[in-house]
Amino acid sequence: MGLIKDIYSVSFYKKFSQAVAEVHPSFNKQKFIETIYEGNFVEKEWKDRMKHTTVVLHQFMPENFSQAVSLIEKIIENLKKNNFSDSNLAFIFFADYIEIYGLKDFETSTKAFVSITQFISCEFAVRPFISKYKEKMIDEMTKWSLHENHHVRRLASEGSRPRLPWAMAIPFLKKDPSSILPILENLKNDPSEYVRRSVANNINDIAKDNPEVVLEIASRWKNHSRETDGIIKHGCRTLLKQGNPEILSHYGLDSINIELSSFEIKTPTIKIGDYLQFYFYLNNKNDEPKTIRLEYAVHYKKAKGHLAKKVFKISEKIYSPNQLTKIERNQSFKLITTRVFHTGVHQLSIIINGTESEALEFELIN
């Protein structure tokens, strides 16, 4: 499996430039490719290659932005007609083009987003427009939430997330998400799972800054439909991991008469790169079946010596009365790019329906 940056290859640019030339006869294919590879292109990572492609493409497009957008739409239609086989991800520079060169032309750009997002997602590109135009852009996205195409509806939800990963946050939406709630209302029964998952992710973003808003939505949407219940469950995942009492009560999750026993770490000393192994027994001592949400928390030692908690889900299912169950798990300490491990004493705890057990210690060594 190659690196993601390698989707921008000589082969890609040759096929792309041919597709452009078919609808833009004055387009100089050879000059375009030569300009792409000028300078330190080989050293660029994926995002820099994408941005570079945007800038180079702009040099070969009409100066008038509306004309450039019209040409981009023709290029996309030609790519579709010819069943372009490369990953659509490569074409995110179309969305980037609108973001960079269209910010001052609201009308043309918003129409372009509707067209382009049906070929390649524009969720990152709409963010500067939300920041600049605020309610005017949110109103436009609310209209998108009623669009016949599921990609456009999904853009309304995904693009308006207050904390979209890998994208600029939207401070005014983090502070007050009320303006995007009509978008979520419009999409709560969407027939597309792709759209509903985006709605759930938006709700989860809101929960991180405004849990009371999400708790109100959860109460209002409860039992509306199976799909809506699924949105809420996924959208409340952060609140559930935090052990928020109201959301636990919403799902009837309490730890009354649920017994944790024989909790033990089998590998009290592990090396970086190995697995932490542990087990425990669980017993539902109630007289009726009980839904139990099981999680465990690793309290990682950080560089300054303090502990930082991260919660991992084990399961959520119904346990029969007096059902004694042994649960075993392995937690990886293999080196990954998204986490730095620090040697020393860490902690592990079990969480049953939001109630956390006393933590056990283990040591991480080189």
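The values are calculated or read from the model by the stated rules, or taken from the named source; none is laboratory data. In this text the structure is predicted, and so the values were computed from the model without any measurement. Cβ atoms come from the backbone with ideal geometry, glycine included; neighbour counts cover every protein chain shown. Protein only, heavy atoms only, side chains kept; ligands, DNA and RNA dropped before computing areas. Shrake-Rupley method; radii C 1.70, N 1.55, O 1.52, S 1.80 Å.
Residues in region 51-79 that are among the aromatic types (Phe, Trp, Tyr) and closer than 20 Å to Thr110 by Cβ: 1 in all.
Taking region 249-264 as the range and being buried (at least 16 other Cβ atoms within 10 Å of the Cβ) and either at pLDDT 95 or above or in contact with a strand residue (DSSP E or B) (Cβ under 7 Å, 6 or more places away or on another chain) (or both) as the test, the residues that pass are Leu253, Ser255, Ile258, Leu260, Phe263.
Taking region 283-318, which residues are among the aliphatic types (A, V, I, L, M) and closer than 24 Å to Thr238 by Cβ? Within region 283-318, Ile292, Leu294, Ala297, Val298, Leu307, Ala308, Val311, Ile314, Ile318 qualify.
Scanning region 184-215 for residues that are within 12 Å of Pro162 (Cα to Cα) and assigned to a loop (DSSP other than H, G, I, E, B) returns a single hit, Asn210.
Pairs are defined by a Cβ separation below 8 Å, a sequence spacing of at least 6 or placement on different chains, a first member in region 17-35 that is in contact (Cβ under 8 Å) with a residue 60 or more places away in the chain, and a second member that is assigned to a helix (DSSP H, G or I) and surrounded by 19 or more Cβ atoms within 10 Å (Cβ to Cβ); the pairs so defined are Ala19/Ile75; Ala19/Leu79. For region 146-177, filtering for residues that are open to solvent by 40 Å² or more (accessible area, probe 1.4 Å) and part of a helix (DSSP H, G or I) leaves 6. Considering region 84-96, and only residues there that are open to solvent by less than 10 Å² (accessible area, probe 1.4 Å) and more than 11 Å from Phe113 (Cβ to Cβ), the residue that is modelled with the lowest pLDDT turns out to be Ala90. Summed over region 153-212, residues that are touching a Cys at 6+ places or on another chain (Cβ under 9 Å), of a type in the set (A, V, I, L, M, F, W, C) and either modelled with pLDDT under 95 or within 17 Å of Thr142 (Cβ to Cβ) (or both) total 2. Name every residue in region 108-119 that is surrounded by 20 or more Cβ atoms within 10 Å (Cβ to Cβ) and within 9 Å of His151 (Cβ to Cβ), in order of residue number. Correct list: Thr117, Phe119.
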